[in-house]
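Peer 1: One structure coming up, written as structure tokens, with questions to follow.
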């Protein structure tokens, strides 16, 4: 007997992360206290609350088996992805603010690239 995976439990964090990313990316353009930004932050907060509530009520067939976190390589792979994503988000803003030149294209040498 196959069980249907918890699609609702997977959809909630996806919507929440999308709303959070939207608010963070468009916040400066829309204004941090603008209605669109605040709605996106509110949607992310609601999705986070629903995701926490969903985690506290176990599902018969979760998308990712919680026991897989006991596998050391799986656990550390997820930690690495999370930390690199956080690092990328934290360093993305200054890259735009500093108006850095684009990276060299494939086939060009570093001597052509002006720092």
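The values are calculated or read from the model by the stated rules, or taken from the named source; none is laboratory data. Just so it is clear, the model here is predicted, and its values are computed rather than measured. Neighbour counts are summed over all protein chains in view; Cβ atoms, including those assigned to glycine, are modelled from backbone coordinates with ideal geometry.
Peer 1: If the requirement is being modelled with pLDDT of 90 or more and either loosely packed, with under 14 Cβ neighbours inside 10 Å or in a helix (DSSP H, G or I) (or both), which of these qualifies: 8, 41? Full working, then the answer.
Peer 2: Working: 8 fails: modelled with pLDDT of 90 or more.
That would be 41, the only listed residue that is modelled with pLDDT of 90 or more and either loosely packed, with under 14 Cβ neighbours inside 10 Å or in a helix (DSSP H, G or I) (or both).
Peer 1: Against the definition (in the same structural domain as residue 12 (by TED's automatic domain parsing), modelled with pLDDT under 75 and exposed (fewer than 11 other Cβ atoms within 10 Å of the Cβ)), how does residue 58 come out, yes or no?
Peer 2: Numbers: in the same structural domain as residue 12 (by TED's automatic domain parsing): yes; modelled with pLDDT under 75: yes; exposed (fewer than 11 other Cβ atoms within 10 Å of the Cβ): yes.
So residue 58 passes the test.
Peer 1: Answer yes or no: is there a residue in the range 100-111 that is modelled with pLDDT under 70 and closer than 18 Å to residue 13 by Cβ. Give the derivation first.
Peer 2: Quick first cut of the range 100-111, residues modelled with pLDDT under 70 only: 100-111.
Then keep just the ones that are closer than 18 Å to residue 13 by Cβ; that gives none.
The answer is no; no qualifying residue exists.
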